[in-house]
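Read the structure below first, then the notes.
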């Protein structure tokens, strides 16, 4: 375990060194920001205030501090943006997972329900979550709903398939053995099918987490005044008819923060899954 | 004679279409047609377009080539994404 942690740290350090060398070799801070700019933007976005030197920027490149200052004036910080997006992701998981699992359970358990619901599910899952935003806005106005409903929808649609296959693929011998011992209906479902399907169902949790993050950030990039998507678009790239300003350091900080948050939530999902299905290993 | 599974699927899709037709007819005149977006509003909005409106809009999008062009562009991007993604390949262990 200690060796694995050491390898993690070494590979991360190697990545940072390699990035620094490549950034220096390319020498295009407007595209590949130097590691010190990224560190500076990170500190500034945490609300610890700083100004980046603008000396070595090309004339057409408006320095990142303009962008960071604008964000600071608007009260945007990395931790607040991350907290908002995390809240949207958690809401999507809290509402979407039970819905998707219920549908998957119904389709996996009952052949009749599967026959009726499967074509409708195939139609629904083909609709990209972000394409719903404008229609939701027409119905519910410019509110939190058009950021949350796509996440709920994406999570629910993703959770259906692992649950469906988990329940359907429960080894026949379990069901036959339980039936021969007199288990029927709810008892069979609760004591045999659901526990046997749990590893597959919980495996789907990790995919749902990843999809929830993708959808939440995508929705925020399109239509939000806060969250990581807004930080990436508003802080990293700004354009009008007259000029375009960009701050690649803010974009990289945002991407790294999303990667770290996604990784942390994936670890949590893995730990929960492993704990709940310890008997299966 | 289609299989039971196909017939049930067709029944479900038909039921969905019927429910939509009823909802669109019931909603006609009852649902708001002026939608406020902050300080601005959009007028003549059909929140649940009738089949007639959908057919009309669909015909326009088809005749103008907008629908076909959009489908081709998106399909091309999906195809390239699949191709590059499968070439790079998923990691052995996530």
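FYI, it's all coordinate maths here, none of it is from the lab. Keep in mind the model is a prediction, meaning the values are calculated, not measured. Positions of Cβ are generated from backbone atoms using ideal geometry, with glycine treated the same way; all protein chains shown enter the neighbour counts.
If R₀ is 22 angstrom, what is the calculated FRET efficiency for the pair residue B:34 and residue A:144, using the beta carbon separation as r and rounding to 0.05?
For residue B:34 and residue A:144, the calculated efficiency is 0.50.
Is the stretch A:81-149 best put as rounded, prolate or oblate by its Cα gyration tensor, with a ≥ b ≥ c the root eigenvalues, rounded for a/c under 1.5, and otherwise prolate when a/b is larger than b/c, oblate when not?
oblate
Taking the Cα centroid of the stretch A:259-277 and of the stretch B:2-23, what is the distance between the two, rounded to the nearest whole Å?
Value for the Cα centre distance between the two parts: 40 Å.
Applying a 10 Å radius around every beta-carbon, put B:60-67, A:264-271 in order of their mean neighbour count, most first.
Put in order of decreasing packing, that is A:264-271, B:60-67.
Considering the alpha-carbon set of chain B alone, what are its Rg and its Dmax in angstrom?
20.6, 57
Going by average Cβ neighbours within 10 Å, how do the peptides A:180-189, A:155-164 rank, with the highest at the top?
A:155-164, A:180-189
How long is the gain from residue A:126 to residue A:79 if the chain were fully straight, where each residue apart is worth 0.36 nm and the alpha carbon distance is subtracted?
Between residue A:126 and residue A:79, full extension yields 13.5 nm more.
Grab the alpha carbons of the stretch B:1-48, take their convex hull, and tell me the volume per residue in Å³.
85 Å³
Pick from A:246, A:81, A:131: which residue has the top mean-square fluctuation in a GNM of chain A where Cα pairs under 10 Å get a spring?
Between A:246, A:81, A:131, it is A:131 that shows the largest mean-square fluctuation.
For peptide A:118-131, how many partner chain Cβ atoms fall within 10 Å of a residue's Cβ, on average?
Per-residue shielding by partner chains comes out at 2.
Give the average, rounded to an integer, of partner chain Cβ atoms located within 10 angstrom of each Cβ in A:259-269.
Mean partner-chain Cβ count within 10 Å for A:259-269: 0.
Using a 7 Å offset from the Cα along the Cα-to-Cβ direction at both residue B:86 and residue A:277, what is the distance between the two label points in nm, to one decimal?
If labels sit at residue B:86 and residue A:277, their model points lie 2.6 nm apart.
Highest GNM mean-square fluctuation, chain A, Cα pairs closer than 10 Å: which of A:172, A:204, A:218?
A:172
Give me the mean projected area, in nm² to one decimal, of the convex hull enclosing the Cα positions of the stretch B:49-94.
Convex hull of Cα atoms, orientation-averaged projection: 5.1 nm².
Taking a point 7 angstrom from the Cα of residue B:62 along the C-beta vector, which residues in the stretch B:1-27 have backbone N less than 19 Å away?
Output list for this probe position: B:17.
Which of rounded, prolate or oblate describes the protein assembly as shown when judged by the alpha-carbon gyration tensor and an a/c cut-off of 1.5?
oblate
What spacing in nm lies between the two simple spin-label points modelled at residue A:9 and residue B:15, each 7 Å away from Cα in the Cβ direction?
6.0 nm
Which whole number gives the average, over all residues in A:136-143, of C-beta atoms from other chains lying within 10 Å of the residue C-beta?
3
Using Cα centres only, tell me the gap between the stretch A:129-175 and the stretch A:1-40 in whole Å.
Here the two parts' Cα centres lie 37 Å apart.
Need one word for the stretch A:1-51: rounded, prolate or oblate. Basis is the Cα gyration tensor (sqrt eigenvalues a ≥ b ≥ c); a/c below 1.5 gives rounded, then a/b vs b/c decides.
oblate
Please give the per residue volume of the convex hull enclosing the alpha carbon atoms of the stretch A:122-231, rounded to a whole number of Å³.
Taking the convex hull of the Cα positions in the stretch A:122-231, it is 115 Å³ per residue.
If each of residue B:4 and residue A:113 carries a label point 7 Å out from its Cα toward its Cβ, how far apart are those two points in nm?
Label-label distance for residue B:4 and residue A:113, simple model: 1.8 nm.
With axes computed from alpha carbons, what is the tilt in degrees of helix A:111-125 against the longest principal axis of chain A, rounded to the nearest 10 within 0 to 90?
Taking the Cα atoms of chain A, the angle to A:111-125 is about 10 degrees.
Once R0 is set to 22 Å, what does the formula 1/(1 + (r/R0)^6) return for the Cβ-Cβ distance between residue A:263 and residue B:77, expressed as a FRET efficiency to the nearest 0.05?
With R0 = 22 Å, the Cβ-Cβ based efficiency is 0.20.
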